[in-house]
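Notes for the one structure printed next.
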Amino acid sequence: MQYHAYELAHAWITPMRAAAQGTKLALDLPFNPFGKTLWGRQMAAACDVFEGLTRRYGKPEFGHKHTKIKGVTVPVSETVVLSKPFCDLLHFKKASDKTDDPRVLIVAPLSGHYATLLRDTVRAMLPEHEVYITDWRDARSVPLYEGTFDLDDYVDYVRDFIQFLGQDLHVIAVCQPAVPALIATALMAADDDPCQPRSLTLMGGPIDPRRNPTVVNKHAESKSLDWFEHVVISTVPWPHPGVMRKVYPGFIQLSGFLSMNLDRHITAHQRYFDHMVEGDCDSAEQHKRFYEEYLSVMDLPAEFFLQTIRDVFKEYKLPNGTMRHRGKPVDLTAIKRTALMTVEGEKDDICAVGQTEAAQDLCTGVPDKHRFHYVQPGVGHYGVFNGTRWRTEIQPRIRDMIRSV
């Protein structure tokens, strides 16, 4: 019913969105004298805010057409090198003669936003690395005949991608995939897999959510698994390709994200309105770019969401040593050949300081010389992998670690 209510609300508000677009278009016409008045600018700004907040955003593009290597602009092409029902493995191939750059697999989160949320992560790594990324599909676009997808499948996907890319690969897991990436690495180590990663970097991931629990952690712990299954899980309606698939809808997760910092989002849109009225195009464009990405959401497979809630956030199986993958125990102490780096943000209110560092205590087989930990002062969750601090302080440390192991 939630999905049907969402679709009905979208259909109901579509005529009002069209009217707002038409009004703004008329006010923006160069020969319309009212558009240049204070009233006209305020009306146009109000229409723009309304249209942006009620629009249904599709999947954004990475948009990496080129990068700079030692001051020289080099074209970049985006290629799918391996495709699976729930994920594509993308390669950002540089048109450069340089072939000895370390190969890096960035494991993007399957947590409501598209992999393009890591656009800045990719951009910073491109000049000096051969970059691959997991591009997860919206569950509502995956037909039911493709089967289910849970946390065990996620681990299998990560392992398959690592094996496909071969030896001497460096893996960076951002946020939620820190858990499955660590599990995949442990399983490969236990099997003495020759393709086990050369290094594994975990950034803002919930390895042990019991440490400094956040609002997100407390919410997951306070509700029963049945509550999550009956309250937030919906069935994809027709005409989506994934009709009848059980999902955790992206619009529900987005409402949760917005409610966590509602005052901040309201203030941001008030400032956007003011920037539009004042003609501050640069500030307005920056706001639009952020929210076009932030409001673009995807559905998660219900099996994956519920298993993650149970195993990671309620039963804490990884730090408790009870995690199993398809019935096989996960032994983190088996990791010996993979360097381990953990990165956290001082002000992270989603995955607090200490939750990712817990991996250092659990992976006792990693030699001390191959252990690295860094807490970035002054940044929240998204600042760990986006923005100036990421580009100037965090990424250089990861780059140096990759070259030292």
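Observations on the structure shown:
- Stretch gain in nm, segment residue 168-residue 331, where the contour uses 0.36 nm per residue and the Cα spacing is subtracted: 56.5 nm
- Within the chain, longest stretch free of exposed chymotrypsin sites (Phe, Trp or Tyr not before Pro) [DSSP loop, at most 16 other beta carbons within 10 Å]: 58-405
- Under 5 Å, built H, 5+ apart or other chain: amide partners of residue 87: 137
- When each of 24/288; 68/369; 36/59; 59/223; 68/347 is checked by Cα-Cα distance, pairs over 24 Å: 68/369; 36/59; 59/223; 68/347
- Placing +1 on the Cβ of every Lys and Arg and -1 on the Cβ of every Asp and Glu, with no other charges, gives region 64-154 a dipole of roughly 500 debye about its Cα centre.
- Estimated translational diffusion coefficient (Stokes-Einstein, Kirkwood radius over Cα pairs, 4 °C, 1.567 mPa s) of the chain: 57 µm² per second.
- Positive-end residue, the chain charge dipole about Cα centroid, Cβ charges, pick of 209, 353, 131: 131
- Projected label points at residue 29 and residue 393, each 7 Å from Cα along the beta carbon direction, are separated by 5.1 nanometres.
- Computed from point charges on the beta carbon alone (+1 for Lys and Arg, -1 for Asp and Glu), the dipole magnitude for region 336-393 about its Cα centre is near 340 Debye.
- A DSSP coil position with no more than 16 other Cβ atoms inside 10 Å describes the following GluC sites (Glu not before Pro) in region 59-135: 61.
- Residue among 69, 335, 233 with the largest mean-square fluctuation in a Gaussian network model of the chain, springs linking Cα atoms under 10 Å: 69
- Proportion of all alpha-carbon pairs of region 143-229 beyond 19 Å (%): 50
- Once both labels are positioned 7 Å from their Cα atoms along Cα-to-Cβ, the gap between residue 146 and residue 283 label points is 4.3 nm.
- Since only 63, 196, 333 are under comparison, the one whose Cα sits farthest along the positive direction of the charge dipole of the chain, derived from C-beta charges on Lys, Arg, Asp and Glu, is 63.
Each reported figure results from applying straightforward, stated rules to the coordinates on display, with no laboratory input. The structure presented is a predicted model; accordingly, all values stated were derived computationally and were not measured. All Cβ positions, glycine included, derive from the backbone under ideal geometry; neighbour counts span all protein chains shown.
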